[in-house]
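Have a look at the structure below before the remarks.
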Amino acid sequence: MKKIALSLLLALHPFCASAKIFSTNISMSNPETGESDNFQRSYSIAKDFFNDLSNTGFMRLFPSYSNQSIVTSNNIYNGLPINLSFPVSDSTKLVFDIPKLGISKTFTKGTRSQSTNALEHYLRNDIDGIASKIARYQIGHTGTSPLAGNPTSLQGQLVAGNFNNAARLSLTTRPQPHRFAVGVGGGSYVQDGTDISIVNIPISQEINIDSDHPGRKLLLNGQFNYVTIDQAESFQGTLGLGYAHPINDNWSLIPNVSYGAIGTVDLYSLGQIISTSLSNNYRFNINDYTLSTVNMFGYYHSLPLNVSGVKSDPNISNYVLKNGFFVDKILPFTAFGHKLNAKGLFTDTQFFGSEVFIRQFNEVGFEINTVDKVKWLDTVSFGIVDTLRLSAKYVFSIENPDNFEGYELGLGYNF
C-alpha cells in the first residue's frame, strides 16, 4: 500500500514538513545517588510513545532508574500537552495531568508498573470521558485528528464524497441508467506542519428507478481511504445512499445519507460518523459552455464506538455548507480520435457547530473527461469500461493559510 501511495503522490509532493505527532521530554533524578538524566524523543507511532512512558520504559531509558527515582515527563499527545510523573521518591504515586482540559488524576497501586497499568485502563475505557475529551480537543486544535476537524479526516472525506456525488450529475448529458463508476485518487497535504498523504478508491452507481423520468435515480456510493499521517497509518471506509430528483431539465435536488468509520492502531484512534445532506445541482448553457452550481448543506455527527475494549465518544456535531461553481466545454480538438470535455471548478467549504481545526477551505482545479466510449479501453476491458476521467486540484484555506495546503490527483472510469 505504501508503494501505491508513493507512486501516486511523489510527483506532486512539494513539502518537507517534519513535525511528529507525539513527543516526550523525560527528566529523572535519584535522591539516593544524586544521579540525574534527561531523555527527549519525537514519535510517529503511538505504541512507541507509550512504551517509553511505562515503568519498564523508564527502566530501559535510564539504567540508574529505581523506585527511589523521581520522574517528570512533559509530553505532546497529537497536539495536546500531557504531564506524567512519579513525583515522590520511593512511592508508587503516579500523577496524570492535562492542564488545558483541567484534568488531574492520581493512581497509587502496589507497584509503579501497576500504577501505569491503571492509567492505561483509565484511558482505554474512557473513564470520566477522558478519551473522548482528548479526541474533542484534538479535533478542535490539531490538524492531524483522523476522525474530524480537517479535510483528510473521516469527516472531511464524508463531506467530499457527498458533494462529489451531487456534482457528478453535471457530467450526465443524456439518460444513463445503471451508470457505474470506480476510481483511484491521491492527495498530498501539509496540515498543522505535518505531512499527510491519502489514497482513496471511490465506487459509485446511478440506478434509474423511473423509465419515464430518467433523471430520477438512486445514488449508491462507497469509498475506502488509506491515510498516512507522517508515518502513522490510518484506514477509513464510507457508505452512502442518495436520491436525485429533477425539478426540471436543468435543476436537481439530491438528499443523501452516509456513514463512515475510522480505525488506526498507529494513532490509537477509532470512531464513526453518520451524516445527512441536501444538495442542489443547477446547470445552464451559454453558447458552447455549460455552467453549473452545486450547493450542499449537511449535518455530521460522531457516534460512540467500542472495539476490543477501546472506547470513543467525542460527541461532535457539525453543520457543513459547501458551494461549488463549474464550467464545462467540449474541446474543439480530439485526443487519439476521442472528443474531450474540459471542466474547471472552484469550491468553498465552511464548518459550523463543534470546534474544528480547519473551519474553511477551498478547491480550484480541472477535470478532463472523454465524451464517448474510448475504443482502446473498450477493447482492453472486454467492453466493460466506457469513458475515462482525469482530475487535479489545489486545496487551500483562505482563513487559515499557514496551517493547510494540499494537492489532489484522480483517475476515474465509467462503466
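The values are calculated or read from the model by the stated rules, or taken from the named source; none is laboratory data. Nothing here was measured: the structure is a model prediction, and the numbers come from that model. No Cβ is skipped: glycine too gets one built from the backbone with ideal geometry, and neighbour counts run over all protein chains shown.
Under 7 Å by Cβ, and 6 or more places apart or on different chains, what pairs join a residue from segment 188-216 that is over 20 Å from Tyr413 (Cβ atoms) with one that is part of a strand (DSSP E or B) and of a type in the set (Lys, Arg)?
Here the result reads Ile209/Lys217, each pair linking segment 188-216 to a residue that is part of a strand (DSSP E or B) and of a type in the set (Lys, Arg).
Does Gly215 satisfy the condition of being touching a strand residue (DSSP E or B) at 6+ places or on another chain (Cβ under 9 Å), of a type in the set (Gly, Ala, Ser) and in a strand (DSSP E or B)? Working first, answer last.
On the way: touching a strand residue (DSSP E or B) at 6+ places or on another chain (Cβ under 9 Å): yes; of a type in the set (Gly, Ala, Ser): yes; in a strand (DSSP E or B): no.
Considered against the rule, which asks whether it is touching a strand residue (DSSP E or B) at 6+ places or on another chain (Cβ under 9 Å), of a type in the set (Gly, Ala, Ser) and in a strand (DSSP E or B), Gly215 comes out as no.
To keep it simple, each residue is scored yes or no on (1) among the hydrophobic types (A, V, I, L, M, F, W, C); (2) assigned by TED's automatic domain parsing to the domain that holds Phe180; (3) within 17 Å of Thr349 (Cβ to Cβ).
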residue: Val227; (1), (2), (3): yes, yes, no
residue: Gln231; (1), (2), (3): no, yes, no
residue: Leu239; (1), (2), (3): yes, yes, no
residue: Ser252; (1), (2), (3): no, yes, no
residue: Leu278; (1), (2), (3): yes, yes, yes
residue: Asp313; (1), (2), (3): no, yes, no
residue: Phe326; (1), (2), (3): yes, yes, yes
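Report, by residue number, each residue of segment 119-134 that is over 22 Å from the mean Cα position of the chain (by Cα) and among the β-branched types (Val, Ile, Thr).
Ile127, Ile130
Could you please find all residues in segment 249-290 being in a loop (DSSP other than H, G, I, E, B) and surrounded by fewer than 18 Cβ atoms within 10 Å (Cβ to Cβ)? If you could, list the steps in order and put the result at the bottom.
Going through segment 249-290, the residues in a loop (DSSP other than H, G, I, E, B) turn out to be 249-250, 265-268, 287-288.
Answer for segment 249-290, where residues must be in a loop (DSSP other than H, G, I, E, B) and surrounded by fewer than 18 Cβ atoms within 10 Å (Cβ to Cβ): Asp249, Asn250, Val265, Asn287, Asp288.
Identify, please: which residue in segment 82-107 is in contact (Cβ under 8 Å) with a residue 12 or more places away in the chain and loosely packed, with under 14 Cβ neighbours inside 10 Å and is, among those, farthest from Ile70 (Cα to Cα)?
Ranking the candidates gives Lys100 first.
Which members of segment 38-57 meet the condition of being more than 24 Å from the chain's Cα centre (by Cα), surrounded by 19 or more Cβ atoms within 10 Å (Cβ to Cβ) and outside any helix (DSSP H, G or I)?
Keep residues of segment 38-57 that are more than 24 Å from the chain's Cα centre (by Cα), which gives 38-41, 51-57.
Narrowing the set further to residues that are surrounded by 19 or more Cβ atoms within 10 Å (Cβ to Cβ) leaves 52-53, 55, 57.
If the condition is that a residue be more than 24 Å from the chain's Cα centre (by Cα), surrounded by 19 or more Cβ atoms within 10 Å (Cβ to Cβ) and outside any helix (DSSP H, G or I), then Leu53 is the only one that fits.
Starting from residues that are among the small types (Gly, Ala, Ser) and modelled with pLDDT of 95 or more, keep the ones in segment 268-284 and report whichever is farthest from Asp328 (Cα to Cα).
Step one: filter segment 268-284 for residues among the small types (Gly, Ala, Ser), giving 269, 271, 275, 277, 279.
Pick out the ones that are also modelled with pLDDT of 95 or more and you get 275, 277, 279.
Working: Ser275: 30, Ser277: 25, Ser279: 20 Å.
Among residues in segment 268-284 that are among the small types (Gly, Ala, Ser) and modelled with pLDDT of 95 or more, the one farthest from Asp328 (Cα to Cα) is Ser275.
Suppose the filter is farther than 24 Å from Asp372 by Cα and crowded, with 19+ Cβ neighbours inside 10 Å; does Ala160 pass it? Before the answer, list the steps.
Working: farther than 24 Å from Asp372 by Cα: yes; crowded, with 19+ Cβ neighbours inside 10 Å: yes.
When the stated conditions are applied, Ala160 passes them.
Considering only residues that are out of contact with any Asp or Glu (no Cβ under 6 Å at 6 or more places or on another chain) and in a loop (DSSP other than H, G, I, E, B), look in segment 119-143 and name the one that is nearest to Phe352 (Cα to Cα). Outline the logic, then answer.
Quick first cut of segment 119-143, residues out of contact with any Asp or Glu (no Cβ under 6 Å at 6 or more places or on another chain) only: 119-131, 133-139, 141.
Within this subset, residues satisfying the condition of being in a loop (DSSP other than H, G, I, E, B) are 125-126.
Details: Asn125: 30, Asp126: 26 Å.
Of everything passing the filter in segment 119-143, Asp126 is nearest to Phe352 (Cα to Cα).
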